[in-house]
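Visitor: Mind having a look at this structure? Questions to follow.
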Amino acid sequence: MNTPIRSSDGTQISRFAFGTMQFGGKADASQSQEMFEACLEAGVTHFDTAHVYTDGKSEEILGQLAAPHRERLVIATKASYTGGAGTDNLRTQFDISRKRLGMDHVDILYLHRFDPNVELSETIDTFAAMKSDGLISYVGLSNFAAWQVMKAVALAQARGISIDILQPMYSLVKRQVEVEILPMAADQGILVAPYSPLGSGLLTGKYSAGDEVGRLATDKRYAARYGQDWMHNAAKDLADIGAELGVHPATLAVAWAAKHATHPTPILSARTVDQLAPSLAAVDYQMTDEVYARLSALTPTPPPATDRLEEA
């Protein structure tokens, strides 16, 4: 079992995280600060960014905002989404990220995605060296399949370190991680911090209301990712249940992702503090087992890894 993730002053990682992908992009410096402060007020102390977000502005803005609170925050960034997972690229990107953040040490460094063209042992060697040098405290993996994670776990153990946190996609309309990722992580003592609990905005209900501004309406990749009719039907049904319960569908969607038995810590994100508010409300929302089951029934439960449905 891995050691729980904590900030440098010993504060345990918060139950929810905030992703700063919009900082310096669709969220300007003022809007970014408003969201950052709202998160702190709600008890969020885990903030996530990446080398590739908004050409570095995300890291720069986050670093400036985090500086007065640094000791009690858990800051995560990601490297090697571009350029490969080799040592030189990983170190170069991380050095740039640390300069942008204004931090010699970053709590969590993720490998942003699996690289089939680089031996994973080389990447894990690099993480081990960074940890030994005091540059990072925790090792993370993003967008990995379960077999890739377990390969990394074995390599890490042989080097005296651990894989501490995973970042997969997870929402009411993207449930594949329930098959192997979540149970594997629970078994290995790895924290899961899933991204896109709102299905890139689909589960907020705005698209059924005719919103033509959001990502699903303007980005072909996201439109394809969430383009199936049953996903949009589930989003509409979620909005109807929210109206019945008097709870914003975004609050329900985020709370649903957090309630899985393995206790993942969803990453929230938004462009403005007003847009963020329903997601942040999930911090205090107490979802009952009955509501959880009702929401779960809106989308297909993926079959077990063995595909023996009688064992599910």
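Visitor: Among Lys26, Lys220, Lys174, determine the one that fluctuates most according to a GNM of the chain built with springs between C-alpha atoms less than 10 Å apart.
Guide: Lys220
Visitor: Shifting gears a bit: Might you report the magnitude of the Cβ-based charge dipole of the chain about its Cα centre, with Lys and Arg at +1 and Asp and Glu at -1, to the nearest 20 debye?
Guide: Numbers: 27 positive and 37 negative charges, 73 e Å.
In debye, rounded to 20, the chain gives about 360.
Visitor: Taking amide hydrogens as modeled 1.01 Å from N in the peptide plane, which residues meet the under 5 Å criterion relative to Phe18, leaving out close sequence neighbours?
Guide: Under 5 Å from the amide H of Phe18: His46, Phe47, Asp48, Leu268.
Visitor: Using the C-alpha atoms of the range 1-167, what convex hull volume per residue, in cubic angstrom, is computed?
Guide: Spread over its residues, the Cα hull of the range 1-167 gives 107 Å³ apiece.
Visitor: Can you tell me which of 73-86, 283-296, 115-128 comes out highest on packing, and rank the rest after it, using the mean Cβ neighbours within 10 Å?
Guide: Final packing ranking: 73-86, 115-128, 283-296.
Visitor: Report the Stokes-Einstein translational diffusion coefficient (µm² s⁻¹, integer) for the chain, Rh taken as the Kirkwood radius over Cα pairs, at 25 °C with viscosity 0.890 mPa s.
Guide: Diffusion coefficient, whole number: 123 µm²/s.
Visitor: What nm distance separates the two modelled labels at His263 and Thr306, each placed 7 Å from Cα along Cα→Cβ?
Guide: With each label placed 7 Å out from Cα toward Cβ, I get 2.8 nm.
Visitor: A further question on this structure: Can you divide the C-alpha Rg of the range 3-100 by 2.2 N^0.38 Å and report the result to two decimal places? Show your work: numbers first, answer last.
Guide: Working: Rg = 13.6 Å, N = 98, 2.2 N^0.38 = 12.6 Å.
Dividing the Cα radius of gyration by 2.2 N^0.38 Å gives 1.08.
Visitor: Among DSSP beta bridges whose residues both lie in the chain, state the antiparallel percentage, nearest 5. Numbers along the way, then the final one.
Guide: Numbers: 2 of 26 bridges.
Close to 10 percent.
Visitor: Determine the relative contact order of the range 1-167: mean sequence separation of Cα pairs under 8 Å and six or more apart, normalised by residue count, in whole percent.
Guide: On the way: 277 pairs, mean separation 31.7, N = 167.
Normalised by residue count, the contact order of the range 1-167 is 19 percent.
Visitor: Turning to a different aspect of this structure: Between Asp187 and Arg159, what is the label-to-label distance in nm when each label sits 7 Å out along the Cα-to-Cβ direction?
Guide: Between Asp187 and Arg159, the label points sit 2.4 nm apart.
Visitor: Taking a spot 7 Å from the Cα of Lys99 along the direction of its beta carbon, which residues of the range 47-91 have an amide N less than 11 Å from it?
Guide: Backbone N within reach: none found.
Visitor: May I ask you to derive the relative contact order of the chain, considering only C-alpha pairs under 8 Å and at least 6 residues apart, and to give it as an integer percent?
Guide: Over the chain, the number comes to 17 percent.
Visitor: Out of Glu244, Glu37, Glu178, any idea which swings most in a Gaussian network model of the chain, alpha carbons joined below 10 Å?
Guide: Result for the chain, Cα springs under 10 Å: Glu244 fluctuates most.
Visitor: Now, a different point. Using the number of other C-beta atoms within 10 angstrom as an exposure proxy, rank His51, His232, His263 with the fewest first.
Guide: By the 10 Å Cβ count, ascending: His263, His232, His51.
Visitor: Just from its helices, what would the mean residue ellipticity at 222 nm be for the chain, if runs of 4 or more DSSP H residues each count -39500 (n - 2.57) and the sum is divided by every residue, rounded to the nearest 500 deg cm²/dmol?
Guide: Value at 222 nm, helices only: -12000 deg cm²/dmol.
Visitor: Provide the packing ranking of 52-59, 186-193, i.e. peptides ordered by the mean count of other C-beta atoms within 10 Å per residue, highest first.
Guide: Going from most to least packed, we get 52-59, 186-193.
All of the numbers you see were taken from the coordinates with simple rules; none came from a lab. Just so we're clear, the structure is a prediction, and the values are computed from it rather than from any experiment. Cβ sites come from the backbone with ideal geometry, for glycine too, and all protein chains shown count toward neighbours.
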